[in-house]
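Here the structure comes first, spelled out in structure tokens, and everything after it is commentary.
Values quoted throughout were computed directly from the atomic coordinates according to the rules given, and no laboratory measurement underlies them. Bear in mind that the values here come from a model prediction, so they are computed numbers and not experimental data. Counting neighbours? That spans all protein chains shown, and the Cβs are built from the backbone with ideal geometry, glycine included.
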Amino acid sequence: MKNLCLLGAVALLSATLNAQLQLFTPEPGEFFTQGVGEYLTIPEDLGTTGQVWDFSGTTTLQSSSASVVSAESTSLGKSFANAEIALEAGTTSTYYSYDGAYQFFGGTENQLIIAYTDAEEYFPLPFNVDDNWEDTFAATFGAAGITFERSGTISANCVSQGSLTLPGGQVLEDAYRISVSEYLMDSTFLGTYEIFTEGDYWFAEDYPLVAFANLTQSTFDTTTGGEPITQESSFSVWMESYTVGIDPVVHAPSWSMMPNPANAQLTIARGNFQVPVHCVVYGLDGREMLRELIHPGIQVSRLDVSQLPEGVYMVQLGESQQAQRLVVQR
């Protein structure tokens, strides 16, 4: 009986030691789609391991897509020297690293650069159940001739581990619930803009990014000497699809398209060729969104993309040509 108790204690200790979250670094060429839905009322967990979270009944209200590229390959990547990868969605890029911690280095939108002088660390890796983490972050950036000073804090607590079922039915057997509280303030001589975010994030080793999150966000926009304008939003967000193993384009393609980003019409340019080819537009989830046959001898063809929702797509011209990334923006 004593030996059985000892074996049970060893097994319990082993399970406790293995209850830790580790994330892999995304590879350039991968891409993903996230769904957004209504905020959920989630009961408190009854323990630290063996929990069951089932969000399969959550309805998608909207989706967004992004692709992974190496940070140094982006046009403004030199401003984020310590970042490993960038997530690109339209004209917006955000920069991350997974080296010893899940770190955020800022981002760009068009030509606006917000590069953190003190990176935001969400939590160290690996992150164990019952671990707590606090970090501060800061940035200085300019927009419209005004200098912004950003400061903030984040605290994270790895609450529990268990099985997570995502909307759509995918089951992640080894997921971790992390309670997060984040405060961010941008200040100028004109006033301050504050964001408070409270919620739960679920991570799993299947994905390098958030598998599911349930968040409440409050903003306070206060001009100097004025009263704050307050807004609050609550929502859930989750991983709808994640595609791995796509090699990044390294050679110059033998065809081109413009403009990119496109609004309503896309021009495909290619040298004279002897066989018909299909020009196919795919969503980042792999679905075929648009197809048009280009006949032999045609060097320039125009594609109507006005019916495509805003987002990121992949365009394939024939079977032997390299696919290219297209942004539809209005």
message = Tell me the angle of helix 2-18 to the major Cα principal axis of the chain, expressed in degrees between 0 and 90 and rounded to the nearest ten.
response = 40 degrees
ask   = How high is the FRET efficiency from Thr243 to Leu76, r the C-beta distance, R0 25 Å, rounded to 0.05?
value = 0.50
note = Checking rank on 195-208, 302-315, 40-53, with mean other Cβ inside 10 Å and highest first, the result is 195-208, 302-315, 40-53
